[in-house]
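J.: Here it is, the structure, as structure tokens.
The values are calculated or read from the model by the stated rules, or taken from the named source; none is laboratory data. What you see is a predicted model, and the numbers here were worked out from it, not measured in a lab. Cβ sites come from the backbone with ideal geometry, for glycine too, and all protein chains shown count toward neighbours.
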Amino acid sequence: MIVASEARLVMAQERGRHMGEMKESCESRDAESSRYGHYPHHLLKHAKEIGLIKDQIARLKTIRLDFERVCLRSGAEIHVSDMEIEALVDDEKATLATIEAKVKQRATAATALRIAAIKAKRDAMALLTAEQRDKDQAIHEKMMQPMQEQQRGGMGGMGGGKMGDEMTGGGRRGGSRRGGGGMGGGMRHGGGM
């Protein structure tokens, strides 16, 4: 009895870990897909602030669910393709044509994921009124403000000020974008310091 319940616990943990990996793959494997696909979730999270009505919330939940389905399926296919590509590359008997076909299969899954994410964002945006879009934009700007302030502040705890200016190009001495001046000058077009 105890062994059976321990086995069920391990299986449940594995399922949870696997689902977490799939979710992570949807969020991190393709940054663009994550950004677009996250939009329905963002709107649902801020439904009250944006002023969404029940019908909009229900439709957003459907959009989110449809995207998550595609995300999990495509994410799994991408993950399996990555493992298969790795195995094929290590297999001396595998032909380049076989490897190329597998790489193209992976690209097809990644494309499907990106298109699904873009569709989810567009479908979600189409549900909003002009006033709701303005409220959403204000929420977005408020969320981005700390990141923008951090970027303006340079490197933060790593010296800030001049170091930050050099990193962003504001304090560049003698360097150019093409010349490799980098952190305040250095070698430029083959010349010395």
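J.: As an exercise: evaluate Leu52 against (1) out of contact with any Ser or Thr (no Cβ under 6 Å at 6 or more places or on another chain); (2) in a helix (DSSP H, G or I) and give the number of the one condition it does not meet.
T.: (2)
J.: Consider Ser28 against the criteria (1) under 26 Å from Lys142 (Cβ atoms); (2) of a type in the set (Ser, Thr, Tyr); (3) at pLDDT 95 or above: it satisfies all of them except one. Which criterion is unmet?
T.: Every listed condition holds for Ser28 apart from (3).
Quick grid of which residues meet (1) assigned to a helix (DSSP H, G or I); (2) touching a residue at least 60 places away in the same chain (Cβ under 8 Å); (3) surrounded by fewer than 12 Cβ atoms within 10 Å (Cβ to Cβ); (4) of a type in the set (D, E, K, R):
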site: Ser74; (1), (2), (3), (4): yes, no, no, no
site: Ser81; (1), (2), (3), (4): yes, no, no, no
site: Thr98; (1), (2), (3), (4): yes, no, no, no
site: Arg106; (1), (2), (3), (4): yes, no, no, yes
site: Leu128; (1), (2), (3), (4): no, yes, no, no
site: Arg133; (1), (2), (3), (4): yes, no, no, yes
site: Asp136; (1), (2), (3), (4): yes, yes, no, yes
site: Ile139; (1), (2), (3), (4): yes, yes, no, no
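J.: Moving to a separate point now. Within the stretch 83-96, which residues are of a type outside the set (A, V, I, L, M), in a loop (DSSP other than H, G, I, E, B) and surrounded by 11 or more Cβ atoms within 10 Å (Cβ to Cβ)? Explain how you work it out, then say what you get.
T.: Going residue by residue through the stretch 83-96, those that are of a type outside the set (A, V, I, L, M) are 84, 86, 90-93, 95.
Narrowing further to those that are in a loop (DSSP other than H, G, I, E, B): 91-93, 95.
Asp91 - this is the single residue of the stretch 83-96 that is of a type outside the set (A, V, I, L, M), in a loop (DSSP other than H, G, I, E, B) and surrounded by 11 or more Cβ atoms within 10 Å (Cβ to Cβ).
J.: Can you tell me how many residues in the stretch 86-137 are touching a Pro at 6+ places or on another chain (Cβ under 9 Å) and farther than 25 Å from Glu68 by Cβ?
T.: Here the count works out to 0.
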